[in-house]
Amino acid sequence: MDETNIQSLRAHIDRIDKSLVDLLSQRMELAYQIGQEKGKTGQPVTVPGREEEIYHSLEGQESRFLTSEDLKSLFAQIIALGRKAGEKGARDVNQKIGKTS
């Protein structure tokens, strides 16, 4: 493999990384909005059943380099970040409507 090919492959990885960041940002924005909706009605941000649904949906999505455990570990972090965004959304909406939490 020559250096030009390696650079081309690395450039492709860089584009994928940017796409991943964009998608994760979109996911966090949606989690934030869900938190706002839940904050309006006093619902808890964290729903363990929903998190289990996400983990369950990952089953069978293994690939050559990603096992179910790899995906579960990765999504545990993504879910934690989404929970944080949702909690911020709930706090922000409650501050706007004068509730304290």
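The values are calculated or read from the model by the stated rules, or taken from the named source; none is laboratory data. Computed from a predicted model, the values in this text were never measured in an experiment. Methodologically, a virtual Cβ is constructed for each residue, glycine included, from the backbone with ideal geometry; neighbour enumeration extends over all protein chains shown.
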If I ask for residues that are surrounded by 15 or more Cβ atoms within 10 Å (Cβ to Cβ) and hydrophobic (A, V, I, L, M, F, W, C), which ones from segment 28-46 would you list? M28, A31, I34, V45
Of the residues E87, E52, which is more than 30 Å from G98 (Cβ to Cβ) and either at pLDDT below 95 or surrounded by 15 or more Cβ atoms within 10 Å (Cβ to Cβ) (or both)? E52
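Matching residues to (1) modelled with pLDDT of 95 or more; (2) touching a Pro at 6+ places or on another chain (Cβ under 9 Å); (3) basic (K, R); (4) part of a loop (DSSP other than H, G, I, E, B):
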| residue | (1), (2), (3), (4) |
| --- | --- |
| E29 | yes, no, no, no |
| G60 | no, no, no, yes |
| D70 | no, no, no, no |
| I78 | yes, no, no, no |
Identify the residue in segment 68-84 that is among the hydrophobic types (A, V, I, L, M, F, W, C) and closer than 14 Å to R50 by Cα and, among all such residues, is surrounded by the most Cβ atoms within 10 Å (Cβ to Cβ). I79
Being at pLDDT 90 or above, part of a loop (DSSP other than H, G, I, E, B) and of a type in the set (S, T, N, Q): is that true of T4 here? no
Pull out all pairs, ordered by first then second residue, where Cβ-Cβ is under 6 Å, the residues are six or more apart or on different chains, the first lies in segment 71-87 and is free of Cβ contacts under 8 Å to residues at least 24 places away in the same chain, and the second is in a helix (DSSP H, G or I). L71/L58; K72/Y55
Looking only at segment 38-57, which residues are in contact (Cβ under 8 Å) with a residue 12 or more places away in the chain and among the charged types (D, E, K, R)? K38, K40, E51
